[in-house]
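Derivation of every value follows stated rules applied to the coordinates shown; laboratory data play no part. Remember, predicted model here, so these are calculated numbers, not experimental data. So basically every Cβ, Gly included, is an ideal-geometry build from the backbone, and we count neighbours across all protein chains shown.
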DNA sequence: GCCAACGTTGGC
DNA sequence: GCCAACGTTGGC
């Protein structure tokens, strides 16, 4: 079992979108960064993912979801009408992948970025680094335990 | 909304 | 292969 953190702007997809139907499976599409894609390709079913809300009033970790389907070609890359359309991608040579995610839990409060920055166990995690743009981030077991201990 | 930091693109 | 220009991310 591996642990992850994925960033999202809550106006696009928030922990509440998972929580409102805990049985629903949401396709995590639109990742257009090679490093993030490569991390997604190493995800396994059952891996736990912290949902991080960025670019919003309450920045931080809002809850946990889990992987229900391993990486597969992101259909939005072929959709000329989608904002994530990639003209350099073809069905026999897809560039981008998606995974499927399902609700696990919503935290009683958002763990704020400031708290993450103040937690020594997270000092090496990209999420607290200034200017970091990686939207799919591996989280070690120790880091995961430290995050949950902040609740 | 601003803007620093970053990843990607493309001319050379 | 370099690197300037560009577009995007994301905290503030």
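Of note:
- Of the candidates A:88, A:130, A:93, the single residue that is within 16 Å of DNA strand C (Cβ to nearest atom), surrounded by fewer than 12 Cβ atoms within 10 Å (Cβ to Cβ) and more than 19 Å from the chain's Cα centre (by Cα) is A:88.
- Looking across the range A:33-53, the residues that are within 16 Å of DNA strand B (Cβ to nearest atom) and crowded, with 16+ Cβ neighbours inside 10 Å come down to A:36, A:37, A:39, A:40, A:53.
- The range A:115-133 - residue that is touching a residue at least 12 places away in the same chain (Cβ under 8 Å) and in contact with a strand residue (DSSP E or B) (Cβ under 8 Å, 6 or more places away or on another chain) and, of those, farthest from DNA strand B (Cβ to nearest atom): A:115
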